[in-house]
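Below: one structure, written as structure tokens.
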Amino acid sequence: MSETDTRSRVETRPQIERPKVYKVLLLNDDYTPRDFVVAILRAVFRMTTDQANGVMLAAHVQGMCVVAVYTREIAETKATEATDMAQREGFPLLFTIEPED
């Protein structure tokens, strides 16, 4: 009679946790021209003109709007880049980030 191992083998896979994501928020101000906001949204966040107009109008009406959701490093980079572009042109436009719930 041959010796056969009939025990089942259990493979355990490590649980990989998804990275936390952060929302990039556009805060409305009364000084930055709408066309400039749209230009920044197109350049930094790669939106179409229609998408950028929608986000800009939502921020204008609501006071704040979620632009996009990224991992922390990307969200920080994009928010900083967009805010810096506005500041170089002398506008107080502000992008911030916060964790997504």
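The values are calculated or read from the model by the stated rules, or taken from the named source; none is laboratory data. Since this is a predicted model, take the numbers as computed values, not measurements. No Cβ is skipped: glycine too gets one built from the backbone with ideal geometry, and neighbour counts run over all protein chains shown.
Among the residues of the stretch 55-79, none is identified as touching a helix residue (DSSP H, G or I) at 6+ places or on another chain (Cβ under 6 Å) and exposed (fewer than 13 other Cβ atoms within 10 Å of the Cβ). Within the stretch 80-101, can you find the residues that are touching a residue at least 60 places away in the same chain (Cβ under 8 Å) and surrounded by fewer than 12 Cβ atoms within 10 Å (Cβ to Cβ)? Within the stretch 80-101, GLU98, PRO99 meet the criteria. Across the stretch 1-28, the number of residues qualifying as surrounded by 10 or more Cβ atoms within 10 Å (Cβ to Cβ) and modelled with pLDDT under 95 comes to 1.
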